[in-house]
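*Asks:* Could you have a look at this structure, given as structure tokens, before my questions?
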Amino acid sequence: MNIIIVGCGKVGYTLVEQLSNEEHNIVVVDKNPDKVRYIADDLDTMGVVGNGVSYKTLQEAGIATADLVIAVTGSDEENLLCCVIAKKTSNCQTIARVRNPIYNEEIDFLKEEFGLSMIINPELTAAGEIAKIFQFPSAIRVDTFARGHVELLHCKLTKESPLVGLKLMQLSQKLKVNVLVCEVLRGEDVIIPNGNFIFQEGDIIAIASNRSNARDFFKKAGIMKNPVKNAILAGGGKISYYLAKILMLSGIRVTIIEKDPARCDFLSDELPDATIILGDATDQSLLSEEDFDSAHGFACLTGLDEENILLALHVNANTKAKTVTKVNRISFQNVIDNLDIGSIIYPRVTTAERIVKYVRSASAAQHDNNVETLYKLANGKAEALEFNITDKSGITDIPLQQLNIRPNTLIGSIYRNGHVIFPGGQDMIKVGDTVMVVLSGYRLSDIEDILEDRVV
């Protein structure tokens, strides 16, 4: 696809990085020549210096032949206007980043009236990811499929876990659990395990399961955490605002600590059922006064990565709370992932994932089985994708064990007529199914590409 990305900030950079790996033709646009030069040089892409709402600038960027325009500048209004101009001047699809909460209730109206293909709100997306973790605190990450009927839950094995030293083929018999282990991250290695795989201390495993079976697994695996009934949110920004609304709807009591008096006033007015504390969340005496050691959940959501990381280390050292840490910069991701700071949320990565999923599906629109959901796993080394099967093909109505499936590929679940199947060799994919696939080492746009004989 020919893609124009307007805005060369953190999200813009991450988008170029991920979409370039998928062999799209990308042109970046920004008013700041230094930002354009940095991305163009670092990621080997074309760059245009100019205002994305200028027709002349879009012409220079190649709007006449563009398939998609993605507007991710710091201004919601510029993003929307850029998409409107792009839509009026070409037949391209458009995606706008819109962050202001006042637009949140008008998303459907904006999409329809402006002809947008997608509106993405990074803070709302991140808040949704954190809420899923608080609602299932035994996991360090929760990815959902089949409209919430199937979940891919990630957890880390400690030396006390009964899984350590166990072969995968022994898991069901020894623990009497009904889950499917889809992927293991061991150090830098990503493994799609077979029956002879042996679990080790420190492995981060991903299981496909429904909620009740997952609880049973975590309990028997020795990594069950108590439900989160109250949560402290450090920092009162947009993510905390959205997160508080989601958590309170699910019955979780919320306390927000924010050091800006004006922001505290806003939060108090907009979130009357939450407790708003004026103060610095990194102040240990303040945390003690607010009984932070009795919190079930703690989200580190200040504007500084360093504050969030240090705060999470302090909370984990002194409480049993489920911690979530927001990190904006991903330069030292491998180092950060090894720190004891609980679950880590990278808002720009989650935003890019949503857009990449859309692009992956749109670029394969000629197929009947397009990408419905996509998650990047193991720092991008693996993927979990969901497909809706709408027509007969080379993968339907054939027992899975008879399919010549590529290495490092696993059918994680099949959702059919309201029922979840964690498939064995005799199960088949049928028209109307929703299928989740976990893979590493290659990209997938059409589910038939899991077959060896489709590789060219």
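The values are calculated or read from the model by the stated rules, or taken from the named source; none is laboratory data. All of these numbers come straight from a predicted model, not from anything done at the bench. Cβ sites come from the backbone with ideal geometry, for glycine too, and all protein chains shown count toward neighbours. Ligands, DNA and RNA are excluded from the accessible area calculation, which covers all protein heavy atoms including side chains. Shrake-Rupley method; radii C 1.70, N 1.55, O 1.52, S 1.80 Å.
*Asks:* May I ask you to give the percent of accessible area on the chain that is carbon plus sulfur, with a probe radius of 1.4 Å?
*Replies:* Details: 9540 of 20330 Å².
So the carbon and sulfur contribution to the accessible surface is 47 percent.
*Asks:* Here is a further query. Lys238: accessible area at probe 1.4 Å, nearest 10 Å²?
*Replies:* 80 Å²
*Asks:* For Tyr346, Tyr55, give the ranking by accessible area with the largest first, probe 1.4 Å.
*Replies:* Tyr55, Tyr346
*Asks:* When Lys and Arg each count +1 and Asp and Glu each count -1, what net charge do the other residues less than 10 Å away from Thr373, Cβ to Cβ, add up to?
*Replies:* Neighbourhood net charge equals -1.
*Asks:* Follow-up. With only Lys, Arg, Asp and Glu charged, each at its Cβ (+1 for the first two, -1 for the last two), find how big the charge dipole of the chain is about the Cα centre; round to the nearest 20 debye.
*Replies:* 1120 debye
*Asks:* Right, another one. Around Cys300, under 10 Å between beta carbons, what's the net of Lys plus Arg minus Asp minus Glu among the other residues?
*Replies:* -1
*Asks:* Val48's amide H: which non-local residues (gap 5+, or another chain) put their own amide H closer than 5 Å, with H modeled 1.01 Å from N in plane and none for Pro or chain starts?
*Replies:* Under 5 Å from the amide H of Val48: Val28, Val29, Asp30.
*Asks:* Once the convex hull of the alpha carbons of region 263-328 is built, what does its volume come to per residue, in cubic angstrom?
*Replies:* Numbers: hull volume 6.2 nm³, N = 66.
It comes to 94 Å³ per residue, whole-number rounded.
*Asks:* With a 1.4 Å probe and all protein chains left in place, how much accessible area per residue does region 74-149 have, in Å²?
*Replies:* Averaged over the residues of region 74-149, the accessible area is 43 Å².
*Asks:* Roughly speaking, what % of Cα-Cα pairs in the chain are separated by over 35 Å, rounded to a whole number?
*Replies:* Every Cα pair in the chain considered, those over 35 Å come to 35 percent.
*Asks:* Something else now. If I ignore ligands, DNA and RNA and count only protein heavy atoms, how much of Cys8 is accessible to a 1.4 Å probe, in Å² to the nearest 10?
*Replies:* Result for Cys8: roughly 10 Å² accessible.
*Asks:* With every protein chain kept in place and ligands, DNA and RNA left out, what is the accessible area per residue of region 295-367? Probe 1.4 Å, answer in Å².
*Replies:* Normalised by residue count, the accessible surface of region 295-367 is 40 Å².
*Asks:* Suppose we take every Cα in region 33-141 and form the convex hull; what volume per residue is that in Å³?
*Replies:* Details: hull volume 14.6 nm³, N = 109.
Dividing the Cα hull volume of region 33-141 by its residues yields 134 Å³.
*Asks:* Based on the Kirkwood radius over alpha-carbon pairs, what is the Stokes-Einstein translational diffusion coefficient of region 146-279 at 37 °C with 0.692 mPa s viscosity, in µm²/s?
*Replies:* Diffusion coefficient, whole number: 189 µm²/s.
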